[in-house]
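Have a look at the structure below, then the notes.
Just so you know, all these numbers are worked out from the coordinates, no wet-lab data involved. Here the structure is a predicted model, which means the values were calculated and not measured. Cβ coordinates were reconstructed from backbone atoms using ideal geometry, including for glycine residues, and neighbour counts include every protein chain displayed.
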């Protein structure tokens, strides 16, 4: 009860108790009190002017024989001024602790792709976020119920949490990531998911519901990546094969060109060709030089065939050495005959006839051809 009313009631009880204990015979002369200038409302009863005990009330004066204050409820007291010892009129308002304020919990759900169109074989990710401002323990969420899916198949669910800074503190976000997969072409849907939770210190189970999502499942995409990869691999293999084929073709071409170009003449063929020069020497009258050239051809041919050096021995020494070499007898005799004729012209002063000159050239050519074939 407010303090002013309590004080007024105590004062009224004190006045009435004093009037009840006073004796009617021993009454002191009373001085009539002036009636306060009070404006009475319509319907109220004004006290009589001659009543010495009239108060600012419309009730009758109390007497001891009237019982225990029968007129107390009808008493209207004047306002009183509170004393210094009275209580304050109002108590200061104390703000409730922050922990007693229930956090506001919200939920939202979204698809990873906003257009809602997916192809067969693609993964569909549904993200459900339960959030509130406060501490992680202020809200105790339960595992969400299994979503009702149409034309979709659930592959798994990953749960995680994070703290998000805000201007007035931070928010707690619980994330439920559903991995789904289309079942067939056409329309698909994800029905609302109910997420239950409790507040800290409460046993009441609350729940929130997500939105409904509709999707369109399109035909399976062509594996362009694999097609491009296989195409690139085939082109690379074709390029390698083409390069290899070109290398083989160039090698065959070089072999054919080499086959068409005659090989360089062997030493025996070269010496046979030089015999025409010896004939010119004979025609010009340089006979000894011609026979000297024929001797050199025989010595060189024997050295190449027998893999030895026959340039320095004399004709006699060379003939003796040929007797001990593994040489065909006909070749040995022909070589000895040509060397003997050369020695007669060079050292014995023999002058050969034109027939002798042609014969020695023919014998030397036959000898060189035989050496080449061996």
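Provide 341, 256 in ascending order of the number of other Cβ atoms located within 10 Å of each residue's Cβ, fewest first.
256, 341
Mind checking the full-extension length gain between residue 122 and residue 10? Use 0.36 nm per residue of separation minus the Cα-Cα distance, one decimal, nm.
31.8 nm
R0 = 41 Å: FRET efficiency of residue 274 with residue 248, Cβ-based, nearest 0.05?
Efficiency, rounded to the nearest 0.05: 0.50.
Based on the Cβ-Cβ distance from residue 189 to residue 237, what FRET efficiency comes out when R0 is 41 Å, to the nearest 0.05?
FRET efficiency, residue 189 to residue 237: 0.30.
Please report 224, 132, 230 as a ranked list, fewest other C-beta atoms within 10 angstrom at the top and most at the bottom.
Listed from fewest to most nearby Cβ atoms, that is 224, 230, 132.
Kindly state, to the nearest 0.05, the FRET efficiency for residue 324 paired with residue 258, given R0 = 41 Å and r defined as their beta-carbon distance.
Approximately 0.50, to the nearest 0.05.
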